[in-house]
Amino acid sequence: MSTVPPSEEVGSWLAAHGWFEGRDAGSEVEVLIEARIRDFREQGETLSLLATAEAFLRSYGKLELPISETTGVRLILDPTGGYDEDAEDIVELANDLGQRLFPVGYETYEGGILLVDEVDRFFYLHHSGSYFLGEGALEMFANRLGGRTVAAEEFYV
């Protein structure tokens, strides 16, 4: 995970919603991580915790971050969010990217899933497609706040 400090805008936004430098939600998110791994297994897929996902969830896990004040859309940093039978879709995207993925959050509006890969790239799996949100948490947050995405297909192997 990046040690670069967040931009003023992203830092203020995160701080206003419970994040602080050195935050560690470790024991709280361990239960959620285990639940998500179990959910994948129940769906007939295998999910392994990635170091990038663990670091992200320890720092940002359990935060609820507003993406849009006007619509009330929030980014919930909890790996257990998703939709029925989402494991197959996540595994398919991981195969397309040539990298394992781990869910780290979801959005409240349409249940899109926030995923991180082994090299700390963030993707968004939505019913309309798959999108790249950035490298590292801070770039992802800045891009999500700014509504900037790139089709994930540009990163397929």
- Helix 26-42 versus the longest principal axis of the chain: what angle, 0 to 90°, nearest 10, using Cα atoms? 30 degrees
- Query: Each residue of region 112-119 in turn: what ³J(HN,Hα) in whole Hz from Karplus with 6.51, -1.76, 1.60 and θ = phi - 60°, glycine and Pro shown as x?
  - Reply: x, 10, 8, 10, 10, 9, 5, 10
- Note on the structure: With every protein chain kept in place and a 1.4 Å probe, region 72-132 has an accessible area per residue in Å² of 39 Å²
- Message: Probe radius 1.4 Å, ligands and nucleic acids ignored: give me the carbon and sulfur share of the accessible area of the chain as a rounded percent.
- Response: 47 percent
- Measure nothing but the geometry: give the 0 to 90° angle between the long axis through the Cα atoms of 86-97 and the longest principal axis through the Cα atoms of the chain, rounded to 10°. 80 degrees
- Relative contact order (%) - the chain, alpha-carbon pairs under 8 angstrom, separation at least six: 20 percent
- Hey, got the Cα dimensions of region 72-144 along the principal axes, in Å, largest first? 34, 29, 21
- Query: Using a Gaussian network model of the chain with C-alpha springs under 10 Å, which one of Arg144, Arg41, Arg100 is most mobile by mean-square fluctuation?
  - Reply: Arg41
- Item | Globularity ratio of region 19-69, using Cα Rg and 2.2 N^0.38 Å | 1.31
- Note on the structure: region 105-157: Kirkwood hydrodynamic radius (Cα pairs, Å) comes out at 11.0 Å
- Message: Give me log10 I(q)/I(0) at q = 0.22 Å⁻¹ for region 11-121, Debye formula, one equal scatterer per alpha-carbon, no solvent.
- Response: -1.26
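The values are calculated or read from the model by the stated rules, or taken from the named source; none is laboratory data. Everything numeric in this text was worked out from a predicted model, so none of it was measured. Ligands, DNA and RNA are stripped out before the accessible areas are found, and what is left, the full protein with its side chains, is counted by its heavy atoms. Shrake-Rupley method; radii C 1.70, N 1.55, O 1.52, S 1.80 Å.
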